[in-house]
Amino acid sequence: MSKFKEVFVVDDDKVFHFIIKKLFTKNNIEINPSFYLNGLEAIENIKEKINQGISLPDLILLDINMPIMDGWQFLDEFRQTRKTKPDEKTVIYLVSSSDSQSDINKAKEYQDQIKDYFFKPMTLEDLQKIF
């Protein structure tokens, strides 16, 4: 049984979506994650949940480089949006193919929001660290 009930995967790479589904199955994680191709889709869903009085997702796996709204923009918007639900805890992991030192350093600016930074491709061992 997972400690997470609702999981958002925010990534424009559909192959990554497929890999996450397979990793969940291999690890017997019985969660059906919601997939979003950019940060804007995810933040709009989160705002809708807030407006409807529904709980925020427990876990977000977030890519950095995406069209429309990237991971950094998502984190900035999420920081503002979650102020309306300060009691709820959402665990966020960055999952990116970027090994750029500037991205790694920038992630440190968001330590209040993100738990860790994983490099793609995500492995079963990475997933076990989360779950």
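Worth pointing out:
- Test result for residue 101, modelled with pLDDT of 95 or more, surrounded by fewer than 17 Cβ atoms within 10 Å (Cβ to Cβ) and polar (S, T, N, Q): no
- Of all the residues in the range 104-118, those that are within 13 Å of the chain's Cα centre (by Cα) and either open to solvent by less than 90 Å² (accessible area, probe 1.4 Å) or among the β-branched types (Val, Ile, Thr) (or both) number 5.
- Of 33, 121, all but one fail to be open to solvent by 20 Å² or more (accessible area, probe 1.4 Å) and either modelled with pLDDT under 95 or within 13 Å of residue 8 (Cβ to Cβ) (or both); the exception is 121.
- Top-ranked residue in the range 6-23 [being aromatic (Phe, Trp, Tyr) and buried (at least 19 other Cβ atoms within 10 Å of the Cβ); ranked as modelled with the highest pLDDT]: 8
- Leading residue by the ranking (farthest from residue 14 (Cα to Cα)) among those in the range 41-86 that are open to solvent by 60 Å² or more (accessible area, probe 1.4 Å) and aliphatic (A, V, I, L, M): 54
- Of the residues making up the range 83-103, those that are among the small types (Gly, Ala, Ser) and not in a helix (DSSP H, G or I) are 96, 97, 98, 100.
The values are calculated or read from the model by the stated rules, or taken from the named source; none is laboratory data. Keep in mind that this is a model prediction, so the values were computed, not measured. A quick note on method: Cβ atoms are made from the backbone with ideal geometry, for glycine too, and the neighbour counts reach across all protein chains shown. Heads up: the accessible areas ignore ligands, DNA and RNA and are worked out on the full protein's heavy atoms, side chains in. Shrake-Rupley method; radii C 1.70, N 1.55, O 1.52, S 1.80 Å.
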